[in-house]
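Below: the structure, in structure tokens.
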Amino acid sequence: HNFQGTITLRSALGNSLNVPAFKVAQAIGVPDIVRFARQLGFDTLTGSYGPAIAIGGVDLTQLDLTHGYSFLAAGGVMRGRPSFETGSDLPLEPISILRVADRSGRVLYDVGSQRREVRVAPAAETFLVNSILTDPNAQCLTFGCGGLAIPGHQVAVKTGTSEPYDPNGPDRGKIGETWAFGYTPDIVVSVWAGNADNAPLTNILSTTIAFRAMRDILLAYFDGKPSTPFQPPPDVIRAPVCFPSGSFSGGKRCSSIIVDWFVRSRLDNLLGFDNGGAGAPIGVRPDDADKPPKDTNRRGRGNGRGRD
């Protein structure tokens, strides 16, 4: 793993870099992460955790993770039915049974009247995440630019690997299991690839089996039909910012200017703070405003192997 220096959150998440994720977990606070995750249905999080929770340091089920990605696919909205269990932290449960009828055709249960939805995350922040995970230029360091693209579709993709903790033994540096998640507003697909007995994998990475299987499932699902793209909500806006300083008003540490998405209200606050005697806001050419956000850390084409 090569040190990349100062890096944007877009590049860090798109390239599945562990150190920035670890630092973000430290800054936010692990208890708040666990509390929010439990509200989303990750009820297996009952222990004591550290910042490694952000880089695969806990055991999670494929069903819980897939359910979690469905909230991103729905723009921060949880859809389902009320829980059968009393006292559950989960506002709604995933729907697995649509209808039950007896042999005479009498309907005993129909989920139609019980469908509910509740917002669990702001639409603006959810869109920022989706914007990153659909950005082929945010994948260059780890996967090669566009290395996680699904041909003909805008799909948000996240891969993952685990590594056995055996720093001095025969499993050092091996892969334990791999994951791949892909989603659009239409569908969420997840694939796990590993050994049921937890034996390490050999010559297999997240892009070897899991990603390819997920990609092929999505392509078969759409079958040549268009997918639904992610639409920016009204409270996000494109704006230029200085890299690497993060300043909105230029300055000495402004080696390049990038245009990216921001939450409008937070950008207003940042501009008010940043322009307190610091000069005028950075200008941007009209023809740059509609271009995709630039990945400021595109050094080379990446290894293309997909290990994260």
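Things worth noting here:
- Restricting attention to region 161-203, the residues that are among the acidic types (Asp, Glu) and more than 17 Å from GLY57 (Cα to Cα) total 3.
- Qualifying residue in region 14-24 (condition: open to solvent by less than 40 Å² (accessible area, probe 1.4 Å), touching a Cys at 6+ places or on another chain (Cβ under 9 Å) and in contact (Cβ under 8 Å) with a residue 60 or more places away in the chain): yes
- Count of residues meeting criterion [of a type in the set (Val, Ile, Thr) and in a helix (DSSP H, G or I)] in region 128-160: 3
- Elements of the type strands (runs of 3 or more DSSP E) sitting completely within region 1-116 and holding at least 2 residues that are under 28 Å from GLN231 (Cα atoms): these cover 77-80.
- Near pairs, Cβ below 8 angstrom, 6+ apart or cross-chain, from region 150-177 (in contact (Cβ under 8 Å) with a residue 60 or more places away in the chain) to any residue that is open to solvent by less than 40 Å² (accessible area, probe 1.4 Å) and among the acidic types (Asp, Glu): THR159/ASP308; GLY160/ASP308; THR161/ASP308
- Lone unmet requirement of (1) over 13 Å from GLY160 (Cβ atoms); (2) modelled with pLDDT of 90 or more; (3) among the aliphatic types (A, V, I, L, M) for LEU65: (1)
- Pairs, first under 28 Å from VAL77 (Cβ atoms) in region 92-109, second of a type in the set (Asp, Glu) and open to solvent by 100 Å² or more (accessible area, probe 1.4 Å), C-beta under 9 Å, six or more apart: LEU92/GLU117; GLU93/GLU85
- Among residues of region 183-194 that are open to solvent by less than 40 Å² (accessible area, probe 1.4 Å), those with a beta-carbon under 6 Å from a residue that is assigned to a strand (DSSP E or B) at least six positions away or on a different chain give the pairs TYR183/ALA156; VAL189/GLY182; SER190/PHE181; VAL191/ALA180; ALA193/THR178; GLY194/GLU177.
- Some residue of region 221-237 being modelled with pLDDT of 90 or more, open to solvent by 60 Å² or more (accessible area, probe 1.4 Å) and not in a loop (DSSP other than H, G, I, E, B): yes
- Filtering region 77-113 to residues that are touching a helix residue (DSSP H, G or I) at 6+ places or on another chain (Cβ under 9 Å), of a type in the set (Val, Ile, Thr) and open to solvent by 50 Å² or more (accessible area, probe 1.4 Å) leaves ILE95, ILE97.
The values are calculated or read from the model by the stated rules, or taken from the named source; none is laboratory data. It should be emphasised that the depicted structure is a prediction, and the values quoted were computed from it without experimental measurement. As a convention, Cβ positions derive from the backbone with ideal geometry for all residues, glycine included, and neighbour counts pool all protein chains shown. SASA here: full protein model, heavy atoms, side chains in, ligands and nucleic acids out. Shrake-Rupley method; radii C 1.70, N 1.55, O 1.52, S 1.80 Å.
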